[in-house]
Every structure is written in C-alpha cells, then in structure tokens.
Amino acid sequence: MPQWVEGPLVGRAEELARLTGHVARARAGRPSAVLLAGDAGVGKSRLLGELATVARTAGLRVLTGHCLDLGDVGLPYLPFVDLLRPLREEPPPAARRPAVAPLLGGPAASAADEDARLQLFEGVAALLGELAAEQPLLLVLEDLHWADRSSRDLLRYLLTRLVEEPVLLVASYRSDDLHRRHPLRPVLAELVRLPGVERVDLAPLPDVEVAALVRAAAAGDGGVDEQVVADVVARAEGNAFYAEELLAAGAGGAQLPVGLTEVLLTRVEELGPDAQQLLRVTAVAGRRVRHDLLAAVAGLPGRELDAALTETVQRHLLVVEPDGSFRFRHALLREAVLADLLPGERTRVHAAVAARLRVDGTGTAAELAHHARESNDLPAAFTAARQAAEEARSVGAPAEALQHLEAALTLWPAVPDLHAGVPDGEVGLLLSAAAAARAAGELHRGVALLRAARDAVSETADPRLAARVLSTLAQALTRVDDLAGAVVASSRAMELVPAEPVTPERVWAAATRARTAWATGGADAEAQAVAREALAGAEQLGLEDAWSDVVISLARMTESGDPVARTAALTEALERARRAGDVDVELRAAYNLSSIAYEDGDLGAAAGWIDPAVARSVALGVEWSFYAAELRFLQVLVRLARGDWAGAQATAEELARVPDTAAHVRVAGLHVAVARGAEGVREQVDRAAATADRLGHATLLLTAGSAAIELAVWGQDASAAVAVAERTVRRLREIWPLDFLVAVRLVAVALGPVADAAVVAREARDADTAARWVAAGQRLVAQARDAQALFAEHLGEVSREGRAWGLRLDAELGRLLGAADPAAWATAGAAFGDEQVYELARCRWREAEALLAAGDRTSAATVLRAAHDAAVALGAAPLQARLAALARRGRLDAGIPGTRPVDPAAVFTPREAEVLGLVAQGRTNRQIGAQLFISEKTASVHLSRVLAKLGVSGRTEAVAVAAARGLLD
C-alpha cells in the first residue's frame, strides 16, 4: 500500500513559474494577485501547497483560508476567519484593530450597524498592511466558488485597497462549477481588470505527466505495473486527484472502479468500521472539525477514536491542520461520503453536533441553525437563525442576514411557543427581512416581504404597527415604479394613525405621503402641507432621520427657491441622517444633491457629491440599495458627459453583482461602446432592450431606449430611430405621466437621422419622401412638446440640462424643415457648456454643417476642427467619420487627416463634373442630355467615365462616393 507521503510536484512547471514570479514581486514590495482556475481535482490545492513552500523559503508569511460548501448555512466571511485564525494568539497588531474582532473569534464591535462593515473591511486591510510591513505576505483563498457574498465583497475591497503593500493574494476556484448565473462570475470579470491581477488556468495534466504522477505515488510501495499505469492514465483524463484515488482503490490488485464516486467510496470501504464512522461524522459536521467535537459526537472511546483518526490520516483521507483540527483531504471526498449517508444517520449526527455546539458554546449561530434544522429541532433552529441574522447584520452582511431571516420565517408556523418572544411577531420578522433585502439591493423581494407583512398585520388590533408597515411598503413601491400602489399604501397609513398625539408612526406616514403625493403630481398643495406636518413632528420627537427625509422632499418640492439655501438644507439633511444611522436617507440626500448639480450643468459639483457617496455605499455593503444604485447610475452619466468614458465604462461594469432593479447602471455603459463604434455592440443593445421589456423599470427602459436610438443615429437608420423613440416615450409616459421630460432628449437625438433622411430626399428632389420624413419627425416633436408642457404646468422651471436639450431639439427641428440655422446650433452647444464634451462636439458638427450650407467656409472649418479634436480625444470613431466626411464633402481644410480638399477639376473634365452634378440632382440621362444640349448616348458615355474614375458600378453609389470625397459642388 502506498504510504501517501506527499512527493515532489509532478508537472505544472510553467504555472509554478508564473506564481513564483508573483512571489518575487511581493518580495520586491509590490502587490499582486492571481486567480487560479481549474476543474475539481485537477491539482489546484497541490500547486498552492507547493507555492506556499516556495513563498516561505523566500521569506513570505503564508496565511490560508478555505471556503467550504455549507449549503444554506450562510456564514459571512468564513474564509477570512480561517485565514486570520493564526493571529488569534498574536495580540499585536490584531489588538489594535477591534473592528476585526468578529473574524478573530471575538465579539462584534459596538459600531452602528451601517458602519460595522466599513470598519471591518478597513480593519482587515489595515491589519494585513501592518503584517506585510513586518514581513511580505502570501494570502491563499481556496475554493472561491463556495465563498459567501460578504467574503466576495471583502476580497474585492482588499484587491482595490492593498495597492502598495507587499501582499500576494492567490484565490482558487472550480471553473467547472461556474454556471452562467453563478455569483462568482461577475466578480471574476471585475477582478481580472484590476492592475496586477492575473488569471492562471490549470488544464488537465498531459498523459505523460499523469503517468509520472502515478509512478511517484506508488514508489513507496515498490512501484506499480505499467499496465496499471496505462489504465489509470486512460481513466483519469488528466485529473491528478482522480489518478491518485484510482491508484489507491486498485492497489490491492482488484479491478479499477469506473466512476469517481465509486472510486472514493471504495477507498472509504477499505477502512475499519470505526474509521468509516469517523468519516461520516466529519462529513456532516462540515468545516474543519475539532478533536473534542469528534470525541463528543463520534461515540468512540478515546483509544478507538485515536486509532480511527490515525487510520484516516495515514490513508490520506483526513488531513491534520496546524491547530489540531481535521478536514477532508479533498472536498470531493466529503461530497461522496455525505451522498452515501442514509437520511436517518445524517439526522442523528446533525443532532449530536447541534447538542455539542449548544453545550460548549463553540461555533456560530449560523452553524447551530444549520445542524438544528437538519436534525429537525425546529425551535432551536428558529432561535439560532434569528441570532445568526443579527450576527450577519452586525458585521455588514445584509444578504446573509436576509437568508437567515427567511429561514426563520419558514419555521414560524412550526414554533408557536416561541412567537411571544419575537418583537411584533411575524410582522416584525417580515419587516426585518424586508430591511435586509433593501440593503442587499433585492427591491422586489423586499416588496414581496412587505406585502406579506401588510396582509399579516391587524389594522384594528395594532394600527400603529400597520401604519409602519404601510409607510415602509409605500417607500418600497416608489422604488419599483409602482406609484399608484405607493399612493394607496401611504394614504392608508395616514388614516390609521391620528395627527395627535404625535407618534413616530404618524411622522413617517406623513413623510411618506408627502413623497408619494409630490411624485404623482397634481397634489402639490397636499404634499407640502403633509411635509410641514411631518417636519414639525420630527422636530418635536427628535427623529433626525425623519427630519432629514422630509427636508429632502421639501427641497425637491420647492426647486424654484434659493439654490444656496436648498443645498445647505440638503447638506444638513445628509449630516443628520448619518448621525441618526439611517444610511438610506443619507444616500437619498446625496443623490438629490448630486442630481440637482447635474441638472444645473455643474458636473464637477455633481461628481463631488456622487463619488464619496458611492464609495461609502460600497464600504457599507449596500452598493445595490436603491439610492446607491441611482448614485452609481448618475456617476456613469456624469462621466459620460465630461468625456471620462473609460471611467464611465469602468463604473458601469465594476460591480460584482447587478440585481434586476439596477440593470440600468450596466446598460448606461453601453453608450460608450455605441459612441466608440465597438464591435458586437448591436447584440448588447438588443439584449438590453429585451431586459428592459421584461422588467419594465422606467430608468432601464429609458437607458436601453437611449442606447438603441444612439445606435440608430450612427447606423443612419431613421426608421429604427423613430420606432424606438416613439415606443420608449410611450412606455415612460405610462410610468411617469407628468415628469417624462427625458422625452425631449430622446426625441432630439432620434430626430438627427430623420432630418438627414429628409435632407437627402430634398436634394434628390423626392418631395414625397421628404414629406414622409418631415411628418415622422413632427410626430416625435409633438411628443416632446407634450412633455415640456406637462412639466411646465405641474413641476415648474426646467433645469439647465433640460434647457440645453430643448435648444438641441429646436435646432434639429430646423434641419428637419430645411432651415438649418448655425446660430441655433451654437446656442445649443453653449447651453451644454464646455464640461459636456461629447454633446458640445455633436452640436459643433451640426453647426459646421449649417455654416457650410450658408457659405461661411472659414467658420465652418474652425468649428469642424474643434469638434474633431474632441471626437479624437474621446475615441468617438463614428463621430470622427461623420466629421471627416463633412470635411471632404465640403472640401474644408480643417486639418483632419485624409480630408485634404480635392479639386474636382483634377479628377473630372468639366463636362463629367456637370453630368455628375445633374445625376446627384436625380436627372436621367435623357434629362441630362436635354439640359446640356448633348445626346442621351453622349451623356451616358460621360457618366460611364465618371463611374470608372470613382470605381463604382451605379449612379447612386457614384453620388455617395463623390459626396464623401468632396467631389460634388
């Protein structure tokens, strides 16, 4: 029997060399990271073990954390708890980082909930930085495909935070486990774009290396027959673990098993009964298992327990960890043992583990909840699930908190004896779960939970609780564009609680009703009156978060007031909300401050509010909550407008996960791809449109529609531009009946190719076609005018951004009607301002076109050059092409490469130039002959020469090519 002593690493020389290069970088003081991918059993762990040896030899300290397949246990930060375990006995520097205590076995810090995650992340980063300052670090995270969401978020944070420290972080994952919707996939896509991050793929070993591995493994037992080697190589298909297990299973001379599970179970069945029992207990216990837990649960006397442990370790099934605990050599082994357990036996072991965890107080509440539930101890599972939710919330892990709260809700009907101990009963649980869903960005799940709470609460028995539920539901409904439902819920909340005496429920009901009344329009007086009531009540009761919420609403209701005073009020609201610990209201204040600045055209000020708020939302783990997502969307828009397209695209794509309610953030990034003419962008835009149609979210519909219109613009597809604009505006008006001023922007952009089509038709003297395009454009303009009128009637003055798009619409309408006005385009460009780099360049394009048509060639060349310089800086290839075409067509010397004016006389004879000009006007050969006093045949000969010189085969193509080359007068 082979002794299973870990021999030299076989193969993987190239991969090890790449990893060793990263060790050298860490020794030189430079950080880096490696994502190690490969199928289960291909040799990732063995390679990481060899890397750890190399790193220690090179003077690095090695810390390793394992992710485990714990199903629905929901243990936040598990691999980092494992990784930091060696530091528990090292007070300095760990003692200087109390926020890290939850990961070192201590109690959670006493910080407010929303600050706990930020402090924890920063504490871990700072702790690792201090350790690295003493000795370069190698951090290893194994089996990242099993990582919980909070661990994935912490990993992202560390890779963006540790940019100067000598730290090498290597994370492995099973590539064959990553199905299309696996939560790790978008994380990996984000991480590989970070500086210093490399992906290394472990392919199956070549046959020759598998053979060498088999011979090396069998060397301690006197070698192995070459026929066995060949058989193992043929079966293993390059999988190192499978090869070793095949060899071990067939070492006694028996025929080799067929499947991997059969192989592993054959290995287990070779053990004695006590060792098999020990493996079953270890598989159920999960994680690494302490010796005292095994002793308490396995039911074996001390001597038999030690013998069984010795047997499993010597047979290389269990591995002893440095702290004396035990784990399976490979996760596939544990999976096979678990799958082979009978249901009753599994239940009994879970019960024994749960009992032991309760007795000695070790483990986490999440683990206890898991074992209690699997052993059918539902009261214990319910209690532990609530505690686990609280533990997850306290360390800023809302997704895991939601998971545990929903588990408790599932158990609620089965534990009636425990109902009295839950504040507000099932309704309270539902409210807590909805809050966790909101923080995790699961808005629709939160709405479903709140509707369940509404149905469960008794308005008669507890009207105040019912009002709280309805107010919370109304706020949630506004965030999923159900304004009608929000009005109903907020109105009912007001009816349930009287104005006197003032209560928190009445204050929040009034604050929420003010928001819904104003959002739907037509009830502005009611909205302001209710807001004033809520403000007075919040001041009376000292409810700073409610006060802030109402001040934000009032600031939006009174936008015509003093802008300085409004900004000061919103800033105070933000600060008060932060003091009160209400991150949702805090982000709402930041969003309104930034959106007002954006609408006023002050993009620098907008970015000044957006960037720190987005960073704070990420640090707090609520980056996909409603206002955090809206802030990120606005961040994309601001960067797009300012010409920071790389930053806009990175913002749109950098997040690890994008819930449906925030899909518009990613779609906004498509505007960069469209404006740059990227390959494959049409398919992306089509997918975005399909997602928008499926979900029906207003901002997503707007963003996807806008991208599709832009694509139609550069594709010169006037029909598509009209169709998308009409459909999008109609859908938006259904959701936002009064405030759909965005229609002006959509129509202004869509009108571009429509006006182009009308211009071409007029030049070809095709009056019918020109009239058709004018009518289509005027239909679009009518929709935009409706939006402007409704906004003016119900919402008041238009912002600077809105005015700029209105001027752009007016200028495009002039082109449509055949009256292109350079001054109109100059005015529109000035309204956008220098910060709006792209829109200013597009206005200058049309201004140059109009100047050329008016005969002002010098001014046209100057404006065209400015537009082209901006397009080049942005990498806006489609705009560059259109500008170059205009320069050639107008024979303008604008300094654009490839557009040097060409004199038609150098290409065509005078008669050929005359014929070409008449062809461009739509004349037939007979009409050309009559007008030039030549025969039809002679006109045909001249035209043939023109076609030959242009290298084209038809009249229409000749006109297009000549116009593009500036050969038409």
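The values are calculated or read from the model by the stated rules, or taken from the named source; none is laboratory data. Just so we're clear, the structure is a prediction, and the values are computed from it rather than from any experiment. As a convention, Cβ positions derive from the backbone with ideal geometry for all residues, glycine included, and neighbour counts pool all protein chains shown. Areas reflect the complete protein model, heavy atoms only, side chains present, ligands, DNA and RNA absent. Shrake-Rupley method; radii C 1.70, N 1.55, O 1.52, S 1.80 Å.
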TODO: Using Cα centres only, tell me the gap between region 180-201 and region 391-448 in whole Å.
DONE: 31
Open item on the list: Could you give me D for region 749-819, from Stokes-Einstein at 25 °C and 0.890 mPa s, where the hydrodynamic radius is the Kirkwood radius over C-alpha pairs? Units µm² s⁻¹, please.
Closed with: 191
TODO: Would you kindly find the accessible area of THR728, with a 1.4 Å probe and non-protein molecules such as ligands, DNA and RNA excluded, rounding to the nearest 10 Å²?
DONE: 10
- [ ] With a ≥ b ≥ c taken as the square roots of the eigenvalues of the C-alpha gyration tensor of region 820-901, please select rounded if a/c is under 1.5 and otherwise prolate if a/b is larger than b/c or oblate if it is not?
- [x] oblate
Open item on the list: Can you give me the % of accessible surface on region 676-827 that is carbon or sulfur? Probe 1.4 Å, all protein chains present, nothing else counted.
Closed with: 52
Open item on the list: Taking the Cα centre as origin and putting +1 on Lys and Arg beta-carbons and -1 on Asp and Glu beta-carbons, what dipole magnitude results for the chain, to the nearest 20 debye?
Closed with: 2920
Open item on the list: Quick check: convex hull of the Cα atoms in region 428-527, volume per residue, rounded to a whole Å³?
Closed with: 87
- [ ] Provide the FRET efficiency to the nearest 0.05 for the ARG303-GLU269 pair, computing r from the beta carbons and using R0 = 30 Å.
- [x] 0.80
Task: Mean residue ellipticity (222 nm) of the chain, computed from DSSP H runs ≥ 4 via -39,500 (n - 2.57), nearest 500 - done: -21500 deg cm²/dmol
Open item on the list: Please report the carbon-and-sulfur percent of the accessible area for region 562-642; probe 1.4 Å, protein heavy atoms only, DNA, RNA and ligands left out.
Closed with: 55
Open item on the list: How far apart, in nanometres, would the label points at GLU835 and ASP292 be if each is projected 7 angstrom from Cα along the Cα-to-Cβ direction?
Closed with: 6.2
Open item on the list: Given 4 °C and 1.567 mPa s, compute D for the chain with the Stokes-Einstein relation, Rh being the Kirkwood radius over Cα pairs; round to the nearest whole µm²/s.
Closed with: 40
Task: Net charge of neighbours whose Cβ lies under 12 Å from the Cβ of HIS145, counting Lys and Arg as +1 and Asp and Glu as -1 - done: -3
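Counting Lys +1, Arg +1, Asp -1, Glu -1, what net charge surrounds ASP39 among other residues with beta carbon under 12 Å of its beta carbon?
Residues close to ASP39 contribute a combined charge of -2.
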TODO: Roll a 1.4 Å probe over the protein chains and send me the accessible area per residue for the chain in Å².
DONE: 40
Task: Charge tally in the Cβ shell below 11 Å around VAL915, where Lys, Arg are +1 and Asp, Glu are -1, VAL915 excluded - done: +2
Task: For region 558-616 and region 138-156, distance of Cα centres in Å - done: 34
TODO: Quantify, in whole percent, the carbon and sulfur part of the accessible surface of region 904-965 (1.4 Å probe; protein heavy atoms only).
DONE: 56
- [ ] Please find the FRET efficiency linking ARG193 to ARG694, where r is the Cβ-Cβ separation and R0 is fixed at 41 Å, and quote it to the nearest 0.05.
- [x] 0.90
TODO: Quick one: go through region 340-366 and flag any residue whose amide nitrogen is under 17 Å from the point 7 Å out along the Cα-to-Cβ line of GLU321.
DONE: 357, 361-366
Task: Label zone at ALA771, where the point sits 7 Å out along the Cα-to-Cβ direction: region 811-830 residues whose backbone N lies under 17 Å - done: 817-818
TODO: Give me the number: length gained by fully extending THR20 to SER458, i.e. 0.36 nm times residue separation minus the C-alpha to C-alpha distance, one decimal in nm.
DONE: 151.1 nm
- [ ] Grab the Cα-Cα distance for GLN931 and ALA568, subtract it from 0.36 nm times how many residues apart they are, and report the gain in nm with one decimal.
- [x] 123.4 nm
Task: DSSP H segments from the chain that extend 30 Å or more along their own axis, Cα-based, with Kyte-Doolittle mean of 1.0 or above - done: 742-763
